[in-house]
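K.L.:
What follows is a structure written as structure tokens; I'll ask about it next.
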Amino acid sequence: MSQCPLKKSKKTSLKLLRNISFQDHVAMLGDDDGDTSHQRKKLRMEIKDHLNVDGVCGNILRSMKIPLKGDEEYEWHFLHPCAFLSEACKLCPLLGDMVKGNGGPRVVIYMDEIKPGNVLRPDPSRQVACWYWTLMNLPSWFHTRREGWFYFGCFPTKLLSKLVGGYSYLCGRMLEFFFEKLEPLNFKIGFPCKSTSGLFLCQAELAAILSDEKALKELWGLRGASGTKPCCLCQNILGHMPKERVDGHGWLLHYSCSDRTRFAKHTSATFQQMRDHLTTLASGRKEELNKMGQVYGLQYSASGVLWHPTLKQVVCPIRQTYYDWMHVLIASGGLAQYEINQFVKEIRGLGIALKQLDEFGSAVVLPKSRTKLPSTFFQDRLCEDDDSCIRGFASEMLVCISILSLFNETVLKPARLLPEHVTCFGYLADIMDLLGKQGADVVPPLRRAIDAHALLYEKLYPRCVKPKYHWLFHVPDNIEAFNINMSCFAPERKHRAVKAIAAHVFNEHLGHNITMRIGYECMLAFESQQNICAEIFLDGAVREIPNGAGMLSLWSAEIVCVRTARRLMTATGMIWLKDMVFAPSLSQLLAPIAFLEVIFLSGASEFIAQVNAHNWKGDCLFEALPTKSLLVWEPDFCSVAYTVQSCGSIRACLQTRDQELLRLAQK
């Protein structure tokens with residue numbers, strides 16, 4: 001098993017820092033003598049010591065001056081990306097192995113606004129824009145974990161009104177430290193990082209900006225979904241007007257067009273022509289500049305990243321825009337949210353009460369890592385408007401899709417009810433299933449599912465066709481172009497760490513304190529977490545099984561130690577005991593009753609599980625076997641939702657791709 005040697009931090013007394021304030025931490029240590037200012041200052045200095053490293057890239061914690069209107073300045077504190085990565089690889093050389101692998105480093109940027117504390121607070125005084133980054137070549141399983149995205153900094157949104165160029169200007173200043181400023185090194189010229197085989201030169205270029213539509217609009221300076229040109233990747237897609245105004249034109253298309261072959265894609269050259277034209281018009285009449293900006297879907301800003309004097313040749317929305325499928329489908333008014341809302345209303349129209357649908361949902365057994373829906377979810381969250389979406393978080397939408405898929409298989413399909421709606425929802429479930437997988441082989445079936453879904457969706461729910469309907473067509477193009485499937489789930493989860501710290505910071509130095517403490521936590525994680533770079537490991541309380549080697553001697557005579565825990569972190573996510581796991585290669589469902597890590601004389605390890613197995617008996621039904629099994633854990637094992645049938649069989653929530661694998665295995 002690949003893992004970093006366990007190291008003990010020299011300053012473990014700061015371990016509780018995220019969940020408490022400096023003052024409470026001092027009180028817990030018993031150093032509170034009435035005046036805590038000295039102790040709090042000492043804690044800050046200890047944190048800064050971790051970030052003021054003596055390396056070739058200099059200190060990790062830095063700051064830059066951001067000019068504001070009225071001759072004001074804001075000191076923006078950030079974690080220098082080169083210094084951060086160099087020190088992290090020094091603390092955990094296995095990270096260096098991943099950094100230099102898979103074709104070399106490529107930088108991805110993510111930005112999102114969060115409001116720590118009371119989200120209903122009427123003013124933005126505590127709202128910040130968080131900036132994260134990662135390397136696209138890192139393993140996909142690493143991207144899905146909180147440590148797989150690295151923190152850069154956070155900027156208070158209350159200062160945006162004073163900032164010329166807004167987020168686009170900040171993006172340019174941020175990228176300067178990645179690729180231009182010699183302080184003393186950057187990703188363009190390279191800097192040394194440590195791997196298990198020694199030092200290597202780490203060089204990278206900007207690969208993509210992965211964000212939701214609002215952030216992409218702000219960072220690139222686009223007109224966005226409400227503009228005449230809602231898609232920056234297509235030349236001929238129009239919006240903000242009735243579909244009838246565009247129908248019959250021939251070349252110009254409304255965003256509701258479902259034929260991807262008619263999309264006229266931008267190239268880097270065509271986009272540069274638009275940018276250069278706006279630059280020329282900027283010195284003339286403002287009316288002409290605004291008119292052409294509307295035509296191009298671009299907002300001219302001399303301070304924006306697209307007009308940065310040295311970066312404008314480095315950045316290009318055509319090459320570097322990565323639409324986040326999480327926001328396109330299941331968050332912030334995503335396409336799946338609209339479809340779920342309309343589909344549930346169609347089910348209700350059959351005479352099936354929402355209470356009955358909630359009761360069915362309560363009977364669905366979910367993996368323990370999934371969010372459990374409230375018992376009255378559909379009764380409370382359904383919106384009655386014809387063009388509205390169901391209210392819910394992205395994690396709840398994932399569960400909704402599983403529940404409704406099982407409802408289709410159990411109730412609607414056998415009775416041949418709502419056949420077109422069921423088929424359309426089946427395509428949506430296939431899309432979500434494919435987006436949960438990695439590999440280039442998902443792109444062709446994903447395109448087919450999106451195309452088939454688009455035709456039915458437009459026919460069944462014409463009033464719910466929004467710009468995200470069009471952006472979904474670009475998702476498989478992104479996966480194919482960048483050769484990786486990425487989403488915002490992991491950086492969104494990283495917000496929790498920022499909010500936990502911000503909850504205990506109440507002064508005007510909110511951004512500085514968050515950055516300092518997040519930086520410390522990240523360094524401590526790479527220094528002390530044994531499994532931070534392990535693809536698979538036992539999680540939680542791990543204990544050694546007495547005489548475990550003897551009990552498994554028939555398995556192998558070279559076993560020296562056997563350990564167990566209640567959870568197993570895998571490439572497909574966290575698996576708990578008694579979760580139901582689909583094993584494609586075995587055509588079985590597995591209910592783990594023990595996770596075992598077997599360690600051999602050579603030092604290598606292997607993960608096995610004792611399971612109650614269920615054989616496939618057709619469709620999505622499985623039947624329990626009478627005996628327990630012991631098997632080696634495989635990378636594609638994944639947990640699934642299921643229901644227990646009256647006959648005792650289990651109906652698993654498997655989509656088209658997995659069902660095809662079962663049928664092929666049977667042949």
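K.L.:
Out of all the residues in region 572-609, which are surrounded by fewer than 16 Cβ atoms within 10 Å (Cβ to Cβ), in contact (Cβ under 8 Å) with a residue 40 or more places away in the chain and within 26 Å of residue 553 (Cβ to Cβ)?
P.N.:
Scanning region 572-609 gives 600, 601, 602, 604.
K.L.:
Can I ask one more? Would you check if residue 176 is open to solvent by 70 Å² or more (accessible area, probe 1.4 Å) and within 26 Å of the chain's Cα centre (by Cα)? Show your work before the answer.
P.N.:
Working: open to solvent by 70 Å² or more (accessible area, probe 1.4 Å): no; within 26 Å of the chain's Cα centre (by Cα): yes.
No: the conditions fail for residue 176.
K.L.:
How many residues, within region 557-578, are within 14 Å of residue 596 (Cα to Cα) and of a type in the set (Ser, Thr, Tyr)?
P.N.:
At the first step, the residues of region 557-578 found to be within 14 Å of residue 596 (Cα to Cα) are 559-570, 575-577.
Right, trim to of a type in the set (Ser, Thr, Tyr) and you get 564, 570.
Result for region 557-578: 2.
K.L.:
Across region 58-78, what is the number of residues that are within 29 Å of the chain's Cα centre (by Cα) and small (Gly, Ala, Ser)?
P.N.:
1
K.L.:
Filter region 421-467 down to the residues that are charged (D, E, K, R) and under 18 Å from the mean Cα position of the chain (by Cα), then identify the one that is farthest from residue 394 (Cα to Cα). Outline the logic, then answer.
P.N.:
Narrowing region 421-467 to residues charged (D, E, K, R): 430, 433, 437, 441, 447-448, 451, 458-459, 463, 466.
Going one step further and asking which of them are under 18 Å from the mean Cα position of the chain (by Cα), we end up with 433, 437.
On the way: 433: 15, 437: 17 Å.
Across region 421-467, the extreme among qualifying residues is 437.
K.L.:
For region 603-646, which fully contained strands (runs of 3 or more DSSP E) count at least 2 residues that are more than 30 Å from the chain's Cα centre (by Cα)? Please lay out each step first, then the result.
P.N.:
Working: elements: 605-618, 621-632, 642-644.
Correct list: 605-618, 621-632.
K.L.:
Now, a different point. Being open to solvent by 30 Å² or more (accessible area, probe 1.4 Å), of a type in the set (Lys, Arg) and in contact with a Cys (Cβ under 7 Å, 6 or more places away or on another chain) is true for just one of 243, 265, 286, 214. Which residue is that?
P.N.:
On the way: 243 fails: in contact with a Cys (Cβ under 7 Å, 6 or more places away or on another chain); 286 fails: in contact with a Cys (Cβ under 7 Å, 6 or more places away or on another chain); 214 fails: in contact with a Cys (Cβ under 7 Å, 6 or more places away or on another chain).
On inspection, the qualifying residue turns out to be 265.
K.L.:
Can you list residue pairs whose Cβ atoms sit under 8 Å apart, with the first residue in region 167-187 being polar (S, T, N, Q) and the second being part of a loop (DSSP other than H, G, I, E, B) and surrounded by fewer than 20 Cβ atoms within 10 Å (Cβ to Cβ)? Count only pairs 6 or more apart in sequence or on different chains.
P.N.:
168/301; 168/303; 186/180
K.L.:
Give region 647-656 a look and list any residue that's open to solvent by less than 70 Å² (accessible area, probe 1.4 Å) and either outside any strand (DSSP E or B) or without any contact (Cβ under 8 Å) to a residue 60 or more places away in the chain (or both), or say none. Give the steps one after another, and end with the answer.
P.N.:
Restricting attention to region 647-656, the residues satisfying the condition of being open to solvent by less than 70 Å² (accessible area, probe 1.4 Å) are 648-656.
Listed by number, the residues that qualify are 648, 649, 653, 654, 655, 656.
K.L.:
Of everything in region 309-337, what is open to solvent by 30 Å² or more (accessible area, probe 1.4 Å) and hydroxyl-bearing (Ser, Thr, Tyr)? Give them in sequence order.
P.N.:
310, 332
Yes/no per residue for (1) open to solvent by 10 Å² or more (accessible area, probe 1.4 Å); (2) modelled with pLDDT under 90:
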position	(1), (2)
108	no, no
111	no, no
119	yes, yes
130	no, no
133	no, no
143	yes, no
148	no, no
151	no, no
155	no, no
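K.L.:
Select from region 414-441 the residues that are closer than 16 Å to residue 346 by Cα, in a helix (DSSP H, G or I) and without any contact (Cβ under 8 Å) to a residue 60 or more places away in the chain and list them in ascending order.
P.N.:
Passing the criteria: 415, 419, 420, 422, 423.
K.L.:
Still on this model: Inside region 259-299, can you point out the residues that are assigned to a helix (DSSP H, G or I), charged (D, E, K, R) and over 23 Å from residue 478 (Cα atoms)?
P.N.:
Going residue by residue through region 259-299, those that are assigned to a helix (DSSP H, G or I) are 260-262, 268-281, 286-296.
Next cut, charged (D, E, K, R) only: 260, 262, 275-276, 286-288, 291.
Those that are assigned to a helix (DSSP H, G or I), charged (D, E, K, R) and over 23 Å from residue 478 (Cα atoms): 276, 286, 287, 288, 291.
K.L.:
Now, a different point. Given the options 590, 596, name the one that is closer than 26 Å to residue 372 by Cα and in a strand (DSSP E or B). It would help to see each step written out before you state the result.
P.N.:
Working: 596 fails: closer than 26 Å to residue 372 by Cα.
The unique qualifying residue is 590.
K.L.:
Right, another one. If you scan region 303-337, which residues turn out to be in contact with a Cys (Cβ under 6 Å, 6 or more places away or on another chain) and in a helix (DSSP H, G or I)?
P.N.:
Within region 303-337, 305, 317, 326, 337 meet the criteria.
K.L.:
Quick check on this structure: which one of 265, 291 is more than 21 Å from residue 216 (Cβ to Cβ) and among the basic types (Lys, Arg)?
P.N.:
Working: 265 fails: more than 21 Å from residue 216 (Cβ to Cβ).
Exactly one residue qualifies, and that residue is 291.
K.L.:
Looking only at region 418-443, count how many residues are open to solvent by 50 Å² or more (accessible area, probe 1.4 Å) and modelled with pLDDT under 95.
P.N.:
First pass over region 418-443, keeping only residues open to solvent by 50 Å² or more (accessible area, probe 1.4 Å): 419-420, 423, 427, 436, 438, 440-441.
Narrowing further to those that are modelled with pLDDT under 95: 436, 438, 440-441.
So the answer is 4.
K.L.:
Name the single residue, out of those in region 157-168 being outside any loop (DSSP other than H, G, I, E, B) and in contact with a helix residue (DSSP H, G or I) (Cβ under 7 Å, 6 or more places away or on another chain), that is surrounded by the most Cβ atoms within 10 Å (Cβ to Cβ).
P.N.:
Looking at the filtered set, the residue picked out is 167.
K.L.:
Where residues in region 376-390 are modelled with pLDDT of 95 or more and surrounded by fewer than 20 Cβ atoms within 10 Å (Cβ to Cβ), which of them is farthest from residue 341 (Cα to Cα)?
P.N.:
The initial filter retains those residues of region 376-390 that are modelled with pLDDT of 95 or more, namely 376-383, 389-390.
Restricting the remaining residues to those that are surrounded by fewer than 20 Cβ atoms within 10 Å (Cβ to Cβ) gives 376, 379-380, 382-383.
On the way: 376: 15, 379: 11, 380: 12, 382: 6, 383: 7 Å.
Filtering first and then ranking leaves 376.
K.L.:
While we're looking at this one, here's another question. Residue under question is residue 470, and the condition is that it be farther than 30 Å from residue 635 by Cα and either within 23 Å of the chain's Cα centre (by Cα) or open to solvent by 10 Å² or more (accessible area, probe 1.4 Å) (or both); does it hold? Working first, answer last.
P.N.:
Working: farther than 30 Å from residue 635 by Cα: yes; either within 23 Å of the chain's Cα centre (by Cα) or open to solvent by 10 Å² or more (accessible area, probe 1.4 Å) (or both): yes.
Answer is yes for this residue.
K.L.:
Could you list all residues from region 58-84 that are touching a residue at least 12 places away in the same chain (Cβ under 8 Å), surrounded by fewer than 22 Cβ atoms within 10 Å (Cβ to Cβ) and part of a loop (DSSP other than H, G, I, E, B)?
P.N.:
If the condition is that a residue be touching a residue at least 12 places away in the same chain (Cβ under 8 Å), surrounded by fewer than 22 Cβ atoms within 10 Å (Cβ to Cβ) and part of a loop (DSSP other than H, G, I, E, B), then 58, 59, 69, 70 are the ones that fit.
K.L.:
Next question, about the same structure. If the requirement is being open to solvent by 60 Å² or more (accessible area, probe 1.4 Å) and out of contact with any Gly (no Cβ under 8 Å at 6 or more places or on another chain), which of these qualifies: 359, 409, 396? Spell out the reasoning first.
P.N.:
Numbers: 409 fails: open to solvent by 60 Å² or more (accessible area, probe 1.4 Å); 396 fails: open to solvent by 60 Å² or more (accessible area, probe 1.4 Å).
When all the criteria are applied, what remains is 359.
K.L.:
Also, I was wondering about something else. Residue under question is residue 201, and the condition is that it be in contact with a Pro (Cβ under 7 Å, 6 or more places away or on another chain) and free of Cβ contacts under 8 Å to residues at least 40 places away in the same chain; does it hold?
P.N.:
Yes; evaluated as a whole, the condition is true for this residue.
Let's see how each residue does on (1) open to solvent by less than 30 Å² (accessible area, probe 1.4 Å); (2) aliphatic (A, V, I, L, M):
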{"position": "201", "(1), (2)": "no, yes"}
{"position": "209", "(1), (2)": "yes, yes"}
{"position": "219", "(1), (2)": "yes, yes"}
{"position": "226", "(1), (2)": "no, no"}
{"position": "237", "(1), (2)": "yes, yes"}
{"position": "247", "(1), (2)": "no, no"}
{"position": "256", "(1), (2)": "yes, no"}
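The values are calculated or read from the model by the stated rules, or taken from the named source; none is laboratory data. Please read all numbers here as calculations on a predicted model, not as lab measurements. All Cβ positions, glycine included, derive from the backbone under ideal geometry; neighbour counts span all protein chains shown. All accessible areas refer to the heavy atoms of the entire protein, side chains included, with ligands and DNA or RNA removed. Shrake-Rupley method; radii C 1.70, N 1.55, O 1.52, S 1.80 Å.
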